[in-house]
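Okay, structure first, notes after.
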Amino acid sequence: MTLPAAKTSEFEIDAVRLVCDTFGAGPPILFVHGFPLDGRMWHPAVERLAARFRCIVPDLRGFGRSGTSPQASMTRFADDLAALLDHLRENQPVVLCGLSMGGIIGFEFFRRHRARLAGLILCNTRAKPESPEGVVRREKTATDVLRDGSRTIADAMIGSILAPTAPEALRQWSHAMMASQPPIGVAASARALGTRPDSYPTLARIDLPTLVIAGSHDTITPPPTLSEIAAGIPGARLVTIENSGHLSPAEQPDAFAAAVMNYAGS
Ligand code: MLT
């Protein structure tokens with residue numbers, strides 16, 4: 001399977017250049033990557049979905065080819081994505097598919113831009129705010145990365161981001177992607193994750209078709225975290241991807257794409 005040709009767009013918002021690839025044609029799905037990754041993490045799934053959907057795959061501010069800013073927040077990310085949809089003249093409501101930090105941004109997008117959404121796919125994510133120890137850990141990540149570079153977070157996360165059975169090539173691909181992120185962007189997002197709002201009260205208000213995806217071997221956002229999210233959202237469906245860690249769309253792209261197609265009724 002090969003990735004179809006991308007149409008790459010760039011625009012500036014709040015003094016930062018954002019870069020986005022779109023693939024394929026059909027009902028739009030906005031794919032929002034996790035931390036500390038970029039839009040490439042979706043490529044294995046997009047290869048399987050671009051024949052049926054318009055796959056909109058941005059690099060968030062501070063990641064990939066997009067510009068950096070020393071500050072980030074879930075609000076800023078959500079507003080960047082709404083501005084991106086304007087820039088792309090994407091006027092019909094989209095399904096937002098977010099993984100981990102991308103799902104957290106999805107909750108914020110729902111609160112701020114509900115009218116732009118046709119549905120939500122929440123993958124390997126969490127709704128609760130950071131614990132006090134977590135806030136300290138996020139601040140340490142930010143200072144470590146600013147001092148020593150993004151390889152430090154790649155080294156720290158590579159042992160937990162994938163299922164133990166993940167192939168070595170996937171391990172190297174994920175590590176290289178994390179290590180390549182700009183330290184300023186990684187630090188800003190680590191702090192933004194530390195101060196993220198509580199999305200738990202939002203769950204009961206979600207009035208959109210919602211698919212929740214868990215990875216059977218995810219130790220960062222374990223399956224019970226996703227079950228709890230699905231149970232809190234009226235009518236949400238939960239799919240657990242077997243033999244997958246935290247990066248379900250890259251680890252098990254066939255099962256992931258099948259879950260998305262089943263959800264979309266195609
Ligand atoms: C992510 O994939 O976005 C991160 O694992 C989120 C986190 O560190 O909580």
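How large is the translational diffusion coefficient of the range 216-256 in µm² per second when you combine the Kirkwood radius over alpha carbon pairs with Stokes-Einstein at 10 °C and 1.306 mPa s?
Translational diffusion coefficient: 150 µm²/s.
Counting C-alpha atoms alone, how compact is the range 139-238: give Rg to one decimal and Dmax as a whole number, in angstrom.
Taking only Cα atoms of the range 139-238, I get Rg and Dmax of 16.3, 46 Å.
Tally Lys and Arg at +1 and Asp and Glu at -1 over the other residues with C-beta under 9 Å from the C-beta of Gly245: what net charge comes out? Intermediate values should be presented prior to the final figure.
Numbers: positive: none; negative: Asp218, Glu251.
Its environment carries a net charge of -2.
Pick out which of Ala142, Ala78, Ala51 has the largest mean-square fluctuation in a Gaussian network model of the chain, springs linking Cα atoms closer than 10 Å.
Evaluated over the chain, the most mobile residue of the options is Ala51.
So what are the range 192-266's ellipsoid semi-axes, whole angstrom, largest first, if each one is the square root of 5 times an eigenvalue of the alpha-carbon gyration tensor? Walk me through the intermediate numbers first.
Values: eigenvalues 87, 60, 21 Å².
Semi-axes from the Cα gyration tensor: 21, 17, 10 Å.
In what order do Glu251, Glu168, Glu228, Glu10 fall by count of nearby beta-carbon atoms within 10 Å, going from fewest to most? All intermediate terms of the calculation are to be shown ahead of the outcome.
Values: Glu251 25, Glu168 7, Glu228 16, Glu10 12.
Neighbour counts put them in this order, fewest first: Glu168, Glu10, Glu228, Glu251.
Would you mind counting up the charge near Met261? Only other residues with Cβ under 11 Å from its Cβ, with Lys and Arg at +1 and Asp and Glu at -1. Please list the in-between numbers first.
Values: positive: Arg48, Arg52; negative: Asp254.
Result for the neighbourhood of Met261: +1.
Taking the Cα centre of the chain as origin, sum charge times position over the Cβ atoms of Lys and Arg (+1) and Asp and Glu (-1), and report the length of that vector in debye to the nearest 20. Write out the running numbers ahead of the final one.
Working: 26 positive and 26 negative charges, 76 e Å.
The dipole of the chain has a size of about 360 debye.
Kindly work out what percent of the DSSP beta bridges joining two residues of the chain are antiparallel, to the nearest 5.
Numbers: 12 of 34 bridges.
Close to 35 percent.
Using Cα pairs closer than 8 Å and at least 6 residues apart in sequence, work out the relative contact order for the range 138-261, in percent. Show your work: numbers first, answer last.
On the way: 171 pairs, mean separation 33.7, N = 124.
27 percent.
Going by amide H atoms built from the backbone, whose H comes under 5 Å of the H on Val32, apart from near neighbours?
Correct list: Cys97, Gly98, Leu99.
For a quick check of your reading of the filter: which trypsin sites (Lys or Arg not before Pro) in the range 86-168 sit in a DSSP loop and have no more than 11 other Cβ atoms within 10 Å? Each step should come with its number before you reach the end.
Details: sites: Arg89, Arg111, Arg112, Arg114, Arg116, Arg126, Arg137, Arg138, Lys140, Arg147, Arg151; in loops: Arg89, Arg126.
The qualifying sites are Arg89.
With the Cα gyration tensor of the chain in hand, convert its eigenvalues to equivalent ellipsoid semi-axes via √(5λ) and list them largest first in whole Å. Could you put the intermediate results ahead of the total?
Working: eigenvalues 112, 88, 79 Å².
They are 24, 21, 20 Å, listed from largest to smallest.
State the Cα centre-to-centre distance between the range 40-97 and the range 243-260 in whole Å.
Answer, in whole Å: 19.
Would you kindly state how much longer the chain becomes between Thr195 and Gln71 on full extension, computed as 0.36 nm times their sequence separation minus their alpha carbon distance, in nm to one decimal? Kindly include the intermediate steps, with their values, before the conclusion.
Numbers: separation 124, 0.36 × 124 = 44.64 nm, distance 1.19 nm.
So the extension gain works out to 43.5 nm.
Would you mind telling me the antiparallel percentage of the DSSP bridges in the range 1-114, rounded to 5?
The antiparallel proportion sits near 65 percent.
Label-point separation (nm) for Ser9 and Ala25, each offset 7 Å from Cα along Cα-to-Cβ?
1.6
For a quick protection proxy, order the peptides 38-47, 232-241 by their average other-Cβ count within 10 Å, most packed first.
Highest mean packing first, the order is 38-47, 232-241.
When only C-alpha pairs under 8 Å and at least 6 residues apart count, what is the relative contact order of the chain, in percent? Don't skip to the end; give the middle numbers.
Numbers: 569 pairs, mean separation 53.7, N = 266.
Here the relative contact order equals 20 percent.
A short reminder: the numbers here are calculations on the coordinates, not readings from a lab. Everything quoted here is computed from the prediction, not taken from an experiment. Using ideal geometry, Cβ is built from the backbone for each residue, glycine included, and neighbour counts are taken over all protein chains shown.
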